[in-house]
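Data first, discussion second: the structure below is written as structure tokens.
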């Protein structure tokens with residue numbers, strides 16, 4: 001398991017916060033770009049000295065997920081039995097598997113209990129599972145742009161992305177490693193990424209940013225002519241350059257399989273295990289994880305409550321045109337409710 | 001040009017209605033399935049004896065679009081110069097090109113003026129262009145689930161579908177005919193169709209119909225396990241069996257290029273040419289052509305008006321969870337405003 005930490009763990013290990021990353025994120029949640037980190041931390045505005053996750057006071061940890069391709073074991077890792085990459089033999093993992101691995105990381109760091117577990121999208125799924133699986137090890141919970149159960153539409157998008165990758169002959173059933181640099185399913189992964197990008201953004205921001213602008217002059221061919229087309233092609237290429245297709249398939253599948261109710265008698269029963277305070281944040285323009293899903297989650301979290309505890313849950317609507325990606329972009333609007341949650345978690 | 005007609009043209013050719021089909025539609029707008037028509041007419045509930053487009057009184061015409069693959073000349077047609085299918089040499093066509101061809105069909109049928117031109121989605125684009133290009137030849141206009149200009153998000157979806165087709169090695173740059181049955185870009189076209197299907201429906205109907213239902217038992221692999229996945233695969237296969245990929249690319253491109261403003265000084269200036277009464281219908285759950293687009297269209301149509309005419313436009317919101325496909329499904333809700341428009345068109 002690859003992870004990054006910021007700040008110093010207290011003597012009584014009471015100041016640890018776990019940040020969980022989303023689908024194509026990694027453990028570099030904060031800090032500048034540098035070796036191994038081509039971009040600054042994906043939540044850099046929230047994590048650091050004097051920021052809401054104040055690393056002068058807190059010990060912040062972010063773990064790359066199991067099955068990923070940014071340091072933790074995944075399909076591109078070497079199988080010790082064969083000395084070859086796992087490839088197609090790497091199993092599907094679940095959000096619960098990711099959390100189990102993070103629990104091992106926590107123990108190795110001497111952290112029995114997180115003051116807070118926070119995350120958005122797939123990161124929010126992990127945070128939620130943390131509180132259900134290990135209710136005594138989570139002091140508070142911050143869930144952004146996520147859901148208690150993947151919806152049919154979310155599974156649909158995920159399925160189409162998988163089909164695009166699998167249809168690429170260079171995918172070779174998942175055993176494309178070592179065939180030569182640049183020989184993975186680049187076209188398929190690029191198509192998958194492009195369609196995901198449209199679901200992450202919104203009609204509103206596309207209109208504002210691209211509208212019907214053309215690159216040079218309007219071209220009456222099948223070739224790229226509109227700015228939005230160039231943008232999508234660029235986004236597709238960019239992901240292909242930094243992400244492994246086998247990981248992409250498995251992490252999407254993990255999200256499809258995400259269902260806090262599974263094996264627990266229902267959503268309400270599962271969430272009844274959670275006694276800690278929580279914040280559920282929704283971005284008003286999120287078409288992929290629409291606000292009604294966070295509202296349902298909030299209602300289930302509020303309605304539960306273990307005897308003797310008061311699991312106060314707060315619903316926050318982020319006013320943003322940025323769609324699902326709002327949880328990465330609207331850090332100012334996330335910071336205030338996150339600060340109040342931490343005050344509560346630390347009994348201030 | 002392939003077309004189908006229902007009813008009888010009056011002696012003074014005053015009872016003709018043109019129905020324009022959408023992307024993968026065809027000229028079989030009404031009537032049962034049969035030879036060459038594997039499915040019943042796509043607007044059968046609206047067209048026929050005693051129906052709103054009453055073929056006891058009206059002469060209804062539906063023309064397969066130029067560039068399509070259901071009878072009219074398209075990329076799969078034989079190029080007389082080479083005696084081979086056009087394939088990659090078939091040009092991109094515009095909505096205006098489609099309308100010009102329909103105008104020729106009208107003249108060949110002895111129709112100088114349509115009592116009404118009606119259509120949804122790409123069909124609505126054609127209807128709108130009819131009224132802008134030939135304002136004296138259109139008596140009334142019914143526009144459902146359409147827009148004055150394709151938006152960046154619509155172009156985005158279209159672009160990704162094209163990339164999926166082009167990435168399929170079986171596409172061969174568009175020259176895949178004659179290589180053998182079943183050798184076109186089936187995987188690519190199937191991915192394009194699957195993603196289009198998600199944009200045509202809605203989260204709401206997917207939840208109601210599929211939710212997280214599984215086909216057999218929940219399978220922790222990358223294989224198909226959820227009902228929604230089987231549905232999408234089926235929809236992909238179905239289109240591959242009935243539609244030509246080269247047509248799909250070009251008709252999508254025609255929609256991207258759709259812009260009533262182009263060469264006319266702006267949307268308002270273009271729509272100022274329209275003096276006939278119109279109805280603009282929006283489906284409340286349409287995420288692909290959201291209701292604000294029809295509302296903008298309605299406002300532009302209402303605000304215009306040639307001197308001496310009163311181009312009354314009516315905005316109708318269809319209350320339906322069915323998303324963009326609502327224009328095909330909610331025929332009862334479409335029938336009432338369509339009937340009122342026809343009454344007006346015929347001066348009743």
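Annotations
- Across identical copies of the chain, residue A:82 has label-point separations of 4.4 nm, listed in ascending order, with the point defined 7 angstrom from Cα along Cα→Cβ.
- Added length on full extension, which subtracts the Cα-Cα distance from 0.36 nm per residue, residue A:57 to residue A:83: 5.1 nm
- Exposure proxy ranking, count of Cβ atoms within 10 Å, fewest first, for B:212, A:201, A:284: A:284, B:212, A:201
- Of all the options A:115, A:11, A:127, the one that moves most in a Gaussian network model of chain A with Cα springs shorter than 10 angstrom is A:11.
- Ranked A:210, A:226, criterion: other C-beta atoms within 10 Å, fewest first: A:210, A:226
- For residue A:8, label point 7 Å along C-beta direction: distances to other copies, nm: 9.8
- Inter-chain neighbour count for B:207-214: the average number of beta-carbon atoms from partner chains within 10 Å of each residue's beta-carbon is 3.
- Relative contact order for the range B:154-253, counting Cα pairs under 8 Å that sit 6 or more residues apart, in percent: 30
- Partner chain coverage, peptide A:142-154 - average Cβ within 10 angstrom: 3
- Percent antiparallel among DSSP beta bridges (both partners in the protein assembly as shown, rounded to 5): 25
- Computed helical MRE - 222 nm, the protein assembly as shown, DSSP H runs ≥ 4 contributing -39500 (n - 2.57), nearest 500: -11500 deg cm²/dmol
- Ordered by the count of other Cβ atoms within 10 Å of each Cβ, fewest first, A:344, B:193, A:172 give A:172, A:344, B:193.
- For the range A:105-198, the relative contact order is 22 percent, taking Cα pairs closer than 8 Å that sit 6 or more residues apart in sequence and dividing their mean separation by the residue count.
- Shown is the FRET efficiency for residue B:11 and residue B:261, computed with R0 = 60 Å from the Cβ-Cβ distance and rounded to the nearest 0.05: 0.95.
- Axis angle, to the nearest 10 degrees, between helix A:331-345 and the longest C-alpha principal axis of chain A: 30 degrees.
- Label spacing, shortest first and in nm, from residue B:241 to its equivalents in the remaining copies (7 angstrom along Cα→Cβ): 4.3
- Relative contact order of chain B: 19 percent, from C-alpha pairs under 8 Å at least 6 residues apart in sequence.
- With a simple spin-label model that places each label point 7 Å from the Cα along the Cα-to-Cβ direction, the separation between residue A:242 and residue B:39 comes to 4.1 nm.
- Within 10 Å of each Cβ in A:164-171, the average number of Cβ atoms from other chains: 5
Bear in mind that the values in this text are calculations on the coordinates, not laboratory data. Everything quoted here is computed from the prediction, not taken from an experiment. A quick note on method: Cβ atoms are made from the backbone with ideal geometry, for glycine too, and the neighbour counts reach across all protein chains shown.
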